[in-house]
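*Asks:* A single structure is presented below for examination.
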Amino acid sequence: MELVILFIASLFGLLLLYNMIRRKIMEIRNITSNVVVMKDHKSYGNTDVIIVGAGVAGSALACTLGKDGRRVHVIERDLTEPDRMVGELLQPGGYLKLVELGLEDCLEDIDAQRVGGHVLYKKNGEHIMLSYPLEKFQAVDASGRCFHNGRFVQKMREKAATLPNVRLEKGTVTSLIEEKGSVKGVNYKTKDGRELTAYAPLTIVCDGCFSNLRRSLCNPKMDIPSTYVGLILKDCQLPYANHGVLVMSDPSPVTFYPISSTEIRCLVLIAGQKVPSIANGEMVNYLKNVVASQVPSELRDALIRAIGEENNIRRMQFRSMAANTCTIPGSLLIGDAFNMRHPLSAGGMTVALSDIVVLRHLLKPLPNFTDANAVLQRFYTLRKPVASTINILAGVTYQVFSPSLDPSRKEIREAFYGYLRLGGIFTNGAIGLLAGLNPTPLGFAFQFIAVAVYTFGRLLLPFPTPNAILRGARLLYVAIDMIFPIIKAEGIRQMFFPASLPAYYSAPALAHKSDQ
């Protein structure tokens with residue numbers, strides 16, 4: 001009897017041991033199978049697109065693609081609220097793009113301030129009010145919006161994180177994974193030091209102006225034309241409600257705009273790369289003795305108080321970089337990693353959001369992103385007219401308002417100021433372009449011709465003289481010399497004649513199931 005019990009117990013034990021070994025073998029087989037699939041990229045698992053960076057562009061893109069049903073993996077180096085003194089003014093054209101993407105609610109509960117235009121001051125106190133021409137956009141409550149950049153970014157990150165198909169992860173992308181000339185994913189490190197890989201048929205890089213992946217995808221030509229010195233003024237009022245201020249001071253133009261109900265951002269533009277030192281007190285002396293005396297009296301005392309506050313002065317070099325087409329399949333650049341312009345006209349977020357609108361319309365019909373390269377090449381063509389117009393305006397605005405020893409440039413500045421005083425279609429056309437409301441190459445060409453005619457008219461009235469004609473020719477030459485290099489960098493054909501490019505007619509793939 002004891003032998004029978006021992007035999008049954010032994011048999012039961014062997015069965016348990018066999019079951020445990022069998023389960024272990026199955027687990028090992030499953031792990032090995034998954035590794036092989038990932039290496040061969042026969043399946044990208046649960047990810048349609050990897051987005052590197054979760055700033056304004058990355059977060060907005062994640063929300064947009066996530067709402068379209070795409071499976072999105074966002075990798076961001078730092079998910080705490082950013083503290084930046086740029087990206088604080090969203091022009092009305094950018095706000096309209098935000099509405100088109102369905103993200104206007106991200107401006108709620110961050111103390112964002114409406115801005116209806118700007119007041120342009122000369123250093124002698126003379127000024128003109130330049131309100132945005134918003135009559136056609138009252139239905140969507142269009143206006144400029146000013147805010148703390150970090151609060152806006154966090155709201156969009158929170159919105160993206162609520163979407164079930166968007167995964168937001170903290171990590172530092174170290175490199176792109178390339179196989180057979182295509183990008184297949186990224187290598188990245190997590191906050192605890194683990195080195196991981198992520199795969200997707202499309203990788204979109206939007207890790208900002210200091211991108212460490214940009215050179216892996218294109219060969220950018222970057223310029224550093226100036227430095228902004230930033231301060232925050234507290235408990236003071238702008239001269240005109242809901243209007244920012246631009247002071248044509250010499251040698252440093254100054255801008256003011258509200259970033260909350262109790263704070264006004266002041267940005268001082270210093271041309272070139274030689275900037276007074278903050279550490280040894282040179283900057284404080286420069287701001288107090290040179291800049292403060294030229295700003296409107298309503299802001300002067302508050303500015304001097306802000307200059308005296310400890311750790312209130314910050315500076316940042318700004319970069320200008322024309323867009324470079326990325327020809328590596330499976331990848332795309334967007335945002336400041338892709339294209340930068342001078343921030344004086346505050347067009348950066350408008351360009352980024354406009355690019356996302358174009359990209360969304362191109363990607364939406366695709367059943368998947370496995371072979372989206374033809375569509376991506378079309379993106380570079382379709383974005384050009386709007387983006388290039390804003391980029392050129394930014395460059396021209398900087399050159400017109402920045403100081404110069406050339407008397408012709410000073411005369412162009414005075415002529416432009418006089419042109420803006422004309423009002424009507426002239427002023428509204430120029431301000432509408434700067435606001436991103438009608439950023440078209442033809443609109444820009446019309447304004448350029450109108451300013452040129454006005455400038456000539458100033459010189460030729462009341463009677464034309466040979467000297468006046470020569471001066472006018474000189475001014476026209478200087479103006480073309482200011483504008484043409486920027487247009488050339490953007491691409492004359494791409495900007496003015498995009499329909500002549502083959503990529504303009506690239507047809508998208510079959511419609512996405514949700515759209516059929």
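*Asks:* Rounded to the nearest 10 Å², what accessible area does residue 448 have for a 1.4 Å probe in the complete protein model?
*Replies:* Accessible surface of residue 448 is approximately 60 Å².
*Asks:* Accessible area of residue 461, 1.4 Å probe, to the nearest 10 Å²?
*Replies:* Answer for residue 461: close to 130 Å² accessible.
*Asks:* OK, next. Could you work out what % of the accessible surface of the chain is carbon and sulfur, using a 1.4 angstrom probe and leaving DNA, RNA and ligands out of the count?
*Replies:* On the way: 14140 of 24920 Å².
Roughly 57 percent, rounded to a whole number.
*Asks:* Please determine, in degrees from 0 to 90 and to the nearest 10, the orientation of helix 2-40 with respect to the longest principal axis defined by the Cα atoms of the chain, where the helix direction is its Cα long axis.
*Replies:* Between the helix axis and the principal axis of the chain, the angle is about 30 degrees.
*Asks:* Would you mind working out the magnitude of the charge dipole of the stretch 164-297 relative to its Cα centre, with +1 at each Lys and Arg C-beta and -1 at each Asp and Glu C-beta, to the nearest 20 Debye?
*Replies:* Numbers: 14 positive and 11 negative charges, 69 e Å.
In total the dipole reaches around 340 debye.
*Asks:* Using 22 Å as the Cα-Cα cut-off, could you pick out the over-long pairs in 67/155; 97/488; 67/159?
*Replies:* Over 22 Å Cα-Cα: 97/488.
*Asks:* Please give the net charge around residue 229, taking every other residue with its beta carbon less than 11 angstrom from that of residue 229, where Lys and Arg add +1 and Asp and Glu add -1.
*Replies:* Working: positive: 314, 315; negative: none.
Every neighbour counted, the sum reads +2.
*Asks:* Mind putting a number on the dipole of the chain about its Cα centre? Charges go on the C-beta only, +1 for Lys and Arg and -1 for Asp and Glu, and I need it in Debye to the nearest 20.
*Replies:* Details: 56 positive and 44 negative charges, 218 e Å.
Dipole of the chain, to the nearest 20 debye: 1040 debye.
*Asks:* Considering the dipole of the stretch 392-498 built from charges on the beta carbon (Lys and Arg +1, Asp and Glu -1) around the Cα centre, which of 454, 467, 435 is farthest to its positive end?
*Replies:* 467
*Asks:* Next question. In the set (1) 26.5; (2) 24.2; (3) 25.4, which value of Kirkwood radius over Cα pairs in Å was calculated from the structure you see?
*Replies:* Calculated Kirkwood radius over Cα pairs in Å: the matching label is (3).
*Asks:* Determine the calculated [θ] at 222 nm for the chain from helices alone, applying -39500 (n - 2.57) to every DSSP H run no shorter than 4 residues and normalising by the residue count; nearest 500 deg cm²/dmol.
*Replies:* Values: 15 runs with 213 residues, N = 516.
When only DSSP H runs of four or more count, the value is -13500 deg cm²/dmol.
*Asks:* Order the following by accessible area, largest value first: 232, 204, 278. Probe radius 1.4 Å; ligands, DNA and RNA are ignored. Walk me through the numbers on the way to the answer.
*Replies:* Numbers: 232 30, 204 0, 278 65 Å².
The ranking, largest first, comes out as 278, 232, 204.
The values are calculated or read from the model by the stated rules, or taken from the named source; none is laboratory data. Since the model is a prediction, treat every value here as computed from it, not as a measurement. Please note: Cβ atoms are built from the backbone with ideal geometry, for glycine as well, and neighbour counts cover all protein chains shown. The protein model used for the area step is the full one, side chains on, heavy atoms only, and it has no ligands, DNA or RNA in it. Shrake-Rupley method; radii C 1.70, N 1.55, O 1.52, S 1.80 Å.
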